[in-house]
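Novice: My questions all concern the structure below.
The values are calculated or read from the model by the stated rules, or taken from the named source; none is laboratory data. Predicted model, so just to flag it, every value in this text is computed and none were measured. In this analysis, Cβ positions are derived from the backbone assuming ideal geometry, glycine residues included, and neighbour counts consider all displayed protein chains. To get the accessible areas, we keep the full protein, side chains included, count just its heavy atoms, and leave off ligands, DNA and RNA. Shrake-Rupley method; radii C 1.70, N 1.55, O 1.52, S 1.80 Å.
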Amino acid sequence: MKFLKYIWVNVLFLMSCNETTNETLEVLTLADYILNTTVERGAVIACAASDPSGMKVQTFYYPEEGATNIRLYQTATIALDADDFSNYTQVVIESTPVFNGSLRRFEQVTTLEKWGVVTYELEGEVKISNPIRTKPVSKPTVWEDIITIDQTQPEMPLFSWRDNFVKDNAIYFQVLTTQQGDLLSGTYTNQNKFQYYKLDNVVLNITKQEPPVLQRGTAYLFTLMDVSRDNWVNVVTFNKRFTVE
């Protein structure tokens, strides 16, 4: 009797293991995730860059207030159709804050080139970014200071840079922060210049509050991203320090 009991216990154990294994092996795609939900495509601002070492890919995104269940999905290879959501599976990693949380990023140790999207849930909908093509090998991000600062108007410095520095530019993203990393201004322009705080050439503004007047004698940090049509960052000037004269 004890022998039969032992066999039955082991059968149950093996059945349990098989059920667990089947659940573990089940791969849910982005198409599965959004099935029977309301979806808004192109609603998440996101892009990706290789880090200065060339060994990591950083996927940056702007989290709208109230966004939940934020996810990163990627294809297995760059050869798959970027517009077919059945080709995307979730990358289970946590994002980290950038500029004290005004932006966030997923960071992976990889040199594989893929398509990726960032998703989150907001107001009963699943928001999905435009596809991001990662290019850590074919076109690694250039980390270089290409910024010129004109302080003819000290409280409204003019930032400019060489246009289309490494080609394939679609838009420029500019961030101005305090030395502590608090975001003062976040803007997008098609032109290779931005003046604080003039919105004449700004095509998208993610600044949440009215930007403060810059103080003379105070140091600030300026970041620029040159973003391609497929949302890969060609060039980054990160946290260039300057003092208002």
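Novice: Kirkwood hydrodynamic radius of the stretch 129-245 from all distinct Cα pairs, in Å?
Specialist: Hydrodynamic radius (Kirkwood, Cα pairs) of the stretch 129-245 is 14.7 Å.
Novice: Additional query: Between 0 and 90 degrees, rounded to the nearest ten: what's the tilt of helix 2-25 against the longest Cα principal axis of the chain?
Specialist: The angle comes out near 30 degrees.
Novice: Next question, about the same structure. Which of the peptides 69-79, 131-141 is most tightly packed, and how do the rest follow, going by the mean number of other Cβ atoms within 10 Å of each residue? Provide the component values of the computation, followed by the final result.
Specialist: Working: 69-79: 17.3, 131-141: 19.8.
The most tightly packed comes first, giving 131-141, 69-79.
Novice: Based on the alpha-carbon set only, what is the convex hull volume of the chain divided per residue, in Å³?
Specialist: Here the figure is 170 Å³ per residue.
Novice: Can you work out the accessible area per residue across the chain, with the rest of the protein chains kept in place, probe 1.4 Å, in square angstrom?
Specialist: 54
Novice: For a quick check of your reading of the filter: which trypsin sites (Lys or Arg not before Pro) in the stretch 211-245 sit in a DSSP loop and have no more than 14 other Cβ atoms within 10 Å?
Specialist: Within the stretch 211-245, the qualifying trypsin sites (Lys or Arg not before Pro) (loop, at most 14 other Cβ atoms within 10 Å) are 216, 229.
Novice: Can you quote the Å³ per residue value for the convex hull of the Cα atoms in the stretch 25-151, rounded to an integer?
Specialist: Considering the Cα atoms of the stretch 25-151, their hull volume per residue is 138 Å³.
Novice: Grab the DSSP H runs of the chain that are 4 residues or longer, score each as -39,500 (n - 2.57), total them, divide by all residues and round the 222 nm result to the nearest 500 deg cm²/dmol.
Specialist: Per the formula, -3500 deg cm²/dmol.
Novice: Report, by chain and number, residues whose modeled amide H sits under 5 Å from the one on residue 56, excluding near sequence neighbours (fewer than 5 apart, same chain).
Specialist: Amide H neighbours of residue 56: 51, 110.
Novice: Using a 1.4 Å probe on the protein chains only, how many percent of the accessible area of the chain belongs to carbon and sulfur?
Specialist: Carbon and sulfur together cover 52 percent of it.
Novice: Work out from phi, with θ = phi - 60° and the Karplus expression 6.51 cos²θ - 1.76 cosθ + 1.60, the ³J(HN,Hα) of each residue of the stretch 182-197, listed in order in whole Hz, and give x for Gly and Pro.
Specialist: Whole-Hz 3J(HN,Hα) from phi for the stretch 182-197: 6, 6, 9, 8, x, 9, 10, 9, 8, 8, 8, 7, 8, 10, 7, 10.
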